[in-house]
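The values are calculated or read from the model by the stated rules, or taken from the named source; none is laboratory data. What you are looking at is a predicted structure, and each value in this text was computed from that prediction instead of being measured. As a convention, Cβ positions derive from the backbone with ideal geometry for all residues, glycine included, and neighbour counts pool all protein chains shown. Only protein heavy atoms, including side chains, enter the accessible area calculation; ligands, DNA and RNA are left aside. Shrake-Rupley method; radii C 1.70, N 1.55, O 1.52, S 1.80 Å.
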Amino acid sequence: MAPASRLSRRKDAVAWPRMSATFWAVLLLITLLIVYCGQLAAGTCEIVTLDRDSSQPRRTIARQTARCACKKGQIAGTTRARPACVDARIVRTKQWCDMVPCLEDEGCDLLVNRSGWTCTQPGGRVKTTTAL
């Protein structure tokens, strides 16, 4: 008896080849879609968590976590008050204002110890950001 006829007697050997080509194509497309949708495009960021604490009068503490897919030579940072990929040199040298973290009408100043920056609005309101 030929090996092919012996193989065809097994129940599981017959089931796999008889699945339609459409089934396998749909399964492959669904798998690729799931894998692709979980990925960020290179050079982009998204906010994962945002917590605000307004328990103190005239002061709000906000903590945000971002997920970034930065290109080579870039690192997660802030541009125009939004998470963004910035040049890694900015973070290494702690020249935070070089990444343009404040809005257009705000002024940027480094904190004395270079642990972060302040954004000063025209009305005098100051937003302080510290980097971890």
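Points to keep in mind about this one:
- Test: residue in the stretch 69-81 that is of a type in the set (A, V, I, L, M, F, W, C) and touching a helix residue (DSSP H, G or I) at 6+ places or on another chain (Cβ under 8 Å): yes
- When TRP117 is tested against (1) of a type outside the set (S, T, N, Q); (2) part of a loop (DSSP other than H, G, I, E, B); (3) under 24 Å from the mean Cα position of the chain (by Cα), exactly one condition is not met: (2).
- Close pairs (8 angstrom Cβ cut-off, 6 or more residues apart or separate chains): farther than 23 Å from GLY73 by Cα and at pLDDT 70 or above in the stretch 26-49, open to solvent by 60 Å² or more (accessible area, probe 1.4 Å) and assigned to a strand (DSSP E or B) anywhere: THR49/ARG63; THR49/GLN64; THR49/THR65
- Qualifying positions in the stretch 84-96 - open to solvent by less than 60 Å² (accessible area, probe 1.4 Å) and in contact with a helix residue (DSSP H, G or I) (Cβ under 9 Å, 6 or more places away or on another chain): ALA84, VAL86, ILE90, VAL91, GLN95, TRP96
- Selection within the stretch 65-78 - under 21 Å from TRP117 (Cα atoms) and over 12 Å from the mean Cα position of the chain (by Cα): GLN74, THR78
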